[in-house]
Amino acid sequence: MSLKHTDPQAYALLERECRFRAESFDLVPSDNHPSPSVLEAERMYPLFYSENDGRNFYYPGCVTVKEVEELAKARALALFPGAEHVNVKPTDGTRGNEAVYRALLRNGDTILSLGLADGGHLSHGLKWNYSGQDYKIVSYEVTSDGRLDYDQIRELALREKPKMIIAGGSSCPFQFDFATFGAIAKESGALLHADISHFVGLVITGHHPSPFPFADSMMTTVQKTLKGQKGAIAFCRASEARNLDRSVFPGVMAHATGAQLLAKAVAFAEAAQPSFKTYIDRVVENIQALASEFLACGFKLVAGGTKTHLLILDLRGMSMNGKEGEAKLEAAGLLANKQLVPKDPNPPTITSGIRFGSPAVTARGLGPDDMRAIARWVKRLLLDGEDPARVREEVKALALRHPVPGLGS
Ligand code: DSN
């Protein structure tokens, strides 16, 4: 019996979600569509407990899953030349960062990280997150034109003497110069931690500098530009391997399922293929096309453009805030999220920006011409005040020509 017959109510929700996704475009830069092989690996692998700390297993029947984990580890390390040790178990990025901090820091230590309003992540020191509660956070900021100021970062590091500097964030149209971060960390006696969750695919394919050999630790999620299922992986130096493994289990989490580990292993193998490079080349080409067309339409962009897979419309000075803009776009089937801009006068629930990314639409086969069409739809909705219902029909027509991988048409 299929779900349709055993639980029609749940099935109706599933069907509605799939239809909505098929008829819309997901431009949230942290979203992506894993390949059918990744989805199959996660769906088919049997569910059972296999808790372990890398040496000791606490359940029977773990011979094969142990090999799955080793395969995922070997494939993850192969993606990042210079990396020394990886733990492939973290279930999400916030947990992955927590495991790294607990392995390398003590409560009360100082962390220097990018502020949330400037593109940082909540696990880099938000006061309502464990990171902001267990550590003393000092923030570096971006300049008013949306760029990193390495003189300011160096000055803060030398003055505050942090135990760790974090390079990375979730809303960064600029790149991280890890060599410079490494030099600052060395000079100030800090560890360097890289959170490359957003731009990991660009690192693997040479579109963004690698954190290695400069970083002491690194964390990335797997579901963003890496195109895997939800999850994370954390890296450290070989000398800290045991610390990190124990910090993951039993430190901050219990069980990573075999399904999660196998899906990661499959995604890592795919990311090593030439086709992944072709995909990321297209992600970059597509975001550049979107950026140019937005500028031609009269929009302002944070940092003036982008060197990654995402961009941020700066709505300051316009009649609409980020929240209102997001709602208009959603009504037309264009999913892009409200986003704080540097020195934003609005709170995170309102914002003055909208963040767009190209990973998911590129996975559906869209190209630069389609990105330019998307920019023009956004102009009609946000600048010309056109009724979203009219744009919705055009969006739907294009979306249905580009099925979501794994969902069929
Ligand atoms: N929530 C993710 C994002 O949207 O960037 C980061 O974890």
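Just so it is clear, none of the values below were taken in a lab; they were calculated from the coordinates. No experiment lies behind these values; they were computed from the predicted model shown. Heads up, the Cβs are rebuilt from the backbone with ideal geometry, glycines too, and the neighbour counts pull from every protein chain shown.
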Fill in the blank from the handout: In segment 76-170, the trypsin sites (Lys or Arg not before Pro) that sit in a DSSP loop and have at most 11 other Cβ atoms within 10 Å of their own Cβ are 106, 127
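Explain nothing, just the number: dipole magnitude of segment 1-83 about its Cα centre with +1 on each Lys and Arg Cβ and -1 on each Asp and Glu Cβ, in debye rounded to the nearest 20. Don't skip to the end; give the middle numbers.
On the way: 9 positive and 13 negative charges, 19 e Å.
Here the size comes out at about 100 debye.
What percentage of all Cα-Cα pairs in the chain are separated by more than 37 Å?
Numbers: 19556 of 83436 pairs.
Within the chain, distances greater than 37 Å cover 23 percent of Cα pairs.
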Completion exercise
Quick P(r) readout (segment 175-226; Cα-Cα; 10 Å bins; whole %) gives 28, 52, 18, 2
Exercise for the section: Using only the alpha carbon atoms of segment 163-266, find the Kirkwood hydrodynamic radius as the inverse mean reciprocal pair distance, in angstroms to one decimal. Expected result: 14.7
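Gain in length, residue 386 to residue 136, computed as 0.36 nm per residue apart minus the alpha-carbon separation, to one decimal in nm? Write out the running numbers ahead of the final one.
Details: separation 250, 0.36 × 250 = 90.00 nm, distance 4.74 nm.
In short, 85.3 nm is gained.
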Exercise for the section: Quick one: grab the alpha carbon gyration tensor of segment 85-129, order the square roots of its eigenvalues as a ≥ b ≥ c, and give me rounded if a/c is under 1.5, else prolate or oblate depending on whether a/b is larger than b/c. Expected result: oblate
Practice task
Scan around residue 136 for amide H atoms under 5 Å from its own, H built in the peptide plane at 1.01 Å from N, and keep only partners 5 or more places away or cross-chain.
Solution key: 108, 109, 110, 111
Completion exercise
Expressed as a whole-number percentage, the relative contact order of segment 266-367 with C-alpha contacts under 8 angstrom and at least six residues apart is 27
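Would you work out the relative contact order for the chain, in percent, from Cα pairs under 8 angstrom that are 6 or more residues apart? Please list the in-between numbers first.
Values: 825 pairs, mean separation 99.2, N = 409.
Answer for the chain is 24 percent.
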Completion exercise
Over its alpha-carbon atoms, segment 331-409 yields an Rg and a Dmax in Å of 14.2, 43
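Of all alpha-carbon pairs in segment 269-331, indicate the percentage at a distance above 20 angstrom. Don't jump to the answer; show the numbers that get you there.
Details: 825 of 1953 pairs.
Cα-Cα pairs in segment 269-331 separated by more than 20 Å: 42 percent.
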Exercise for the section: Kindly provide the chymotrypsin sites (Phe, Trp or Tyr not before Pro) of segment 48-145 that DSSP labels as loop, not H, G, I, E or B, and whose Cβ sees at most 16 other Cβ atoms within 10 Å. Expected result: 48, 49, 58, 128
Fill in the blank from the handout: One point scatterer per Cα, no solvent, Debye formula: log10 I(q)/I(0) for segment 224-331 at q = 0.22 Å⁻¹ comes out as -1.15
Completion exercise
Taking placed amide H atoms and a strict 5 Å upper bound, the residues 5 or more places from residue 198 or on another chain that come that close are 169
Problem - In order through segment 255-266: 3J(HN,Hα) via Karplus (6.51 cos²θ - 1.76 cosθ + 1.60), integer Hz, x for Gly, Pro - result: 10, 9, 6, x, 4, 5, 5, 5, 4, 5, 4, 5
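Restricting to bridges with both residues inside the chain, how much of the DSSP beta-bridge set is antiparallel, in percent to the nearest 5? If you can, show how the numbers build up before the last one.
Details: 21 of 38 bridges.
Of the beta bridges lying entirely in the chain, close to 55 percent run antiparallel.
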Handout entry: Using θ = phi - 60° and Karplus 6.51 cos²θ - 1.76 cosθ + 1.60, couplings along segment 235-242 (whole Hz; Gly, Pro as x)
Key = 10, 8, 6, 4, 5, 9, 4, 5
Fill in the blank from the handout: With Cα springs under 10 Å, the Gaussian network model of the chain assigns the largest mean-square fluctuation among 61, 96, 231 to 61
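Could you tell me how many cubic angstrom of Cα convex hull volume segment 11-91 has per residue?
Details: hull volume 12.3 nm³, N = 81.
Output value, Cα hull per residue: 152 Å³.
Hey, fewest Cβ within 10 Å first, where do 63, 138, 361, 378 land in order? Numbers along the way, then the final one.
Numbers: 63 8, 138 18, 361 30, 378 26.
In order of increasing Cβ crowding within 10 Å: 63, 138, 378, 361.
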Handout entry: Filtered trypsin sites (Lys or Arg not before Pro), segment 1-61: DSSP coil and at most 14 other beta carbons within 10 Å
Key = 55
Practice task
Per DSSP H run of n ≥ 4, the term is -39500 (n - 2.57); total these for the chain, divide by its residue number, and report the mean residue ellipticity at 222 nm rounded to 500 deg cm²/dmol.
Solution key: -13000 deg cm²/dmol
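Which value, in debye to the nearest 20, describes the size of the charge dipole of the chain about its Cα centre when Lys and Arg Cβ atoms bear +1, Asp and Glu Cβ atoms bear -1, and nothing else is charged?
Numbers: 47 positive and 47 negative charges, 36 e Å.
Approximately 180 debye in magnitude.
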